[in-house]
């Protein structure tokens, strides 16, 4: 893994956490439904690359 990949992963993760936090603030202050959607999109943006990586790992294990 290259150094630029690590920087990209860290920036993407921090952005997703910020999106989740903004969604929480929006849910508390302004609109519950919009805030929940923002938070859910932030959590999914963090989880989807992990799910894909896990799927690739399982596929490699099944090939053996």
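Taking the stretch 1-24 as the range and being surrounded by 13 or more Cβ atoms within 10 Å (Cβ to Cβ) and over 11 Å from the mean Cα position of the chain (by Cα) as the test, the residues that pass are 21, 22, 23, 24. The residues of the stretch 1-48 that are modelled with pLDDT of 85 or more and not in a helix (DSSP H, G or I), listed by number, are 30, 31.
The values are calculated or read from the model by the stated rules, or taken from the named source; none is laboratory data. Quantities reported herein were computed from a predicted structural model and do not represent experimental measurements. Using ideal geometry, Cβ is built from the backbone for each residue, glycine included, and neighbour counts are taken over all protein chains shown.
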